[in-house]
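Reviewing the structure listed below.
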Amino acid sequence: MLSDLLGTKWTALVISALEDEPLRFGELRRRLTNVSTKVLAQTLRRLERYGLVERTVYPVVPMHVEYSLTGLGRSAGEQLEALWSWAGSHAHLMR
């Protein structure tokens with residue numbers, strides 16, 4: 001379910017990491033320091049399956065693969081940013 005996908009910690013962090021530019025898998029791993037290789041790969045596959053992330057393979061040796069946000073992924077990122085902004089401005093009211 002799409003709500004389950006967007007509600008996960010790593011989904012939000014991957015979308016955030018891809019907002020500025022396409023990144024290779026290793027670059028994503030370095031930016032998301034606590035994610036395991038397995039969880040990052042699963043997250044990227046789910047995001048691709050739901051149309052939020054695009055995987056581009058460049059035909060060079062060694063193989064070069066980049067991940068980028070689709071229009072839908074950018075839209076989701078905008079909504080997540082609004083939620084984080086709201087949470088930050090109301091954190092003092094939460095226990």
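The figures follow:
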{"item": "Pick from the stretch 49-85, criterion at pLDDT 85 or above and among the aromatic types (F, W, Y), ranking: farthest from P22 (Cα to Cα)", "result": "Y50"}
{"item": "The stretch 57-95 - residue that is open to solvent by 40 Å² or more (accessible area, probe 1.4 Å) and polar (S, T, N, Q) and, of those, farthest from the chain's Cα centre (by Cα)", "result": "S89"}
{"item": "Looking only at the stretch 28-56, and only at residues there that are β-branched (V, I, T) and touching a helix residue (DSSP H, G or I) at 6+ places or on another chain (Cβ under 8 Å), the one that is most open to solvent (accessible area, probe 1.4 Å)", "result": "T37"}
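The values are calculated or read from the model by the stated rules, or taken from the named source; none is laboratory data. Here the structure is a predicted model, which means the values were calculated and not measured. Cβ: placed from backbone, ideal geometry, glycine included. Neighbour counts: every protein chain shown. In case anyone asks, the SASA skips ligands and DNA or RNA and just uses the protein heavy atoms, side chains included. Shrake-Rupley method; radii C 1.70, N 1.55, O 1.52, S 1.80 Å.
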